[in-house]
Amino acid sequence: MSARAAPPAGRPRAAEAADGSAELERRRPPTLEILALILVAAVVLRPVLADRLNDEVLQTWSTIFVSIMIQALPFLVLGVVVSGFVVAIVPPGWIARALPADRAASIPIAGLAGAAFPGCECGSVPIAGRLTARGASPAAAFAFMLAAPAINPIVLVATAVAFPGRPDIVAARFLASFVTSIAVGWLWSRFGSDALIDRARSRIVEGANRWESFANTARHDFLHAGGWLVIGSITAASLQVLVPRQILDTVAGTEWLAIAALAVLAVVLAICSEADAFVAASLSQFSLTSRLVFMVVGPAVDIKLIALQAGVFGRRFAMRFAPLAFAVAVVSAIGVAWLVLGTGVGE
């Protein structure tokens, strides 16, 4: 006989999911408290750190890190606020009802709809889960999930600021990311298994009210995206000052090696799409093609997205979807760079 008690008969599934979410929330580390302790420690240790930063290398590192953070934070905050309003105001079932019944036609329309819903990648995954839970085609939901964090106005403006005087880079990012979302949607529609996303139909729990939905979404996206932005900025600054220039130039000067390196870096760094253009711009020794790959791959697949997708849709789905999104994003970025930017090796 099993010692595990059976759940009460007739208990709503949503209530069980809510209990699970509450338990997960209780187990999470106190992120705000940790951030506050870090800030207090930074203030207390400021005199010591100031002495340590007299070294030229450390001064260069701190300059690069601070410049990336200062440029990226306003766009990150704006994206988080808009994302919270979208989740709070737009009815979860509205997008699903607005999409055409024809699956093939719904995929590009869902991708374009993503441009009107600014937000971080962290928010696009649960929204896609809500879409599938309300009857939308999974392929269309995935096209929306990939397009929303990559082609929305905030990301495009941030890219224009990061690459001043280069509207062609903004256009290339938009086109490559849009092509990625549509191609992945069509490929999933043709070869994917919708049975893999059944988990999402029972795990999406809405907020109690609009203000709670806004506050929870904004807080979640800022803490997650802000943390990854710090990690990305630290890594970019460290690459510039710690990696021997000869090694960095060798990687950057070999086009296919540079593309592979920045594609993998985008997956590992997991920088928010509102801020990744500033990191890409700081890697100036790399070609435009490889940096475009970095900006297209990041919003499509990274380590935090894989974890989020596994939580919403299931591990089996994430293990199949991530390699597909990665391959399509790399190919799309290379093709669009050749078509729009006219880039060659080392350009």
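Some notes on this structure:
- Packing-based exposure ordering (other Cβ within 10 Å, fewest first) of M69, M145, M319: M319, M69, M145
- Ranked by the mean number of other Cβ atoms within 10 Å of their residues, highest first, the peptides 332-342, 161-171 come out as 332-342, 161-171.
- Cβ crowding within 10 Å, taken as a proxy for footprinting-reagent exposure, orders I247, I127, I271 from fewest neighbours to most as I247, I127, I271.
- Multiplying the residue separation of A116 and V157 by 0.36 nm and subtracting their alpha-carbon distance yields 13.4 nm.
- Working from label points 7 Å from Cα in the Cα-to-Cβ sense, the Q246 to A171 distance is 4.2 nm.
- For V243, V179, the sequence from fewest to most other C-beta atoms within 10 Å is V243, V179.
- Per-pair calculated FRET efficiency, R0 = 35 Å: I89 and T60 via Cβ, rounded to 0.05: 0.20
- Take 147-157, 257-267, 98-108 and order them by the average number of nearby Cβ atoms within 10 Å per residue, most first; the result is 147-157, 257-267, 98-108.
Where a number appears in this text, it was derived from the coordinates with a stated rule and is not lab data. This structure is a prediction, so every number in the text was calculated from the model and none was measured. Every residue, glycine among them, receives a Cβ derived from its backbone with ideal geometry; neighbour counts consider all protein chains shown.
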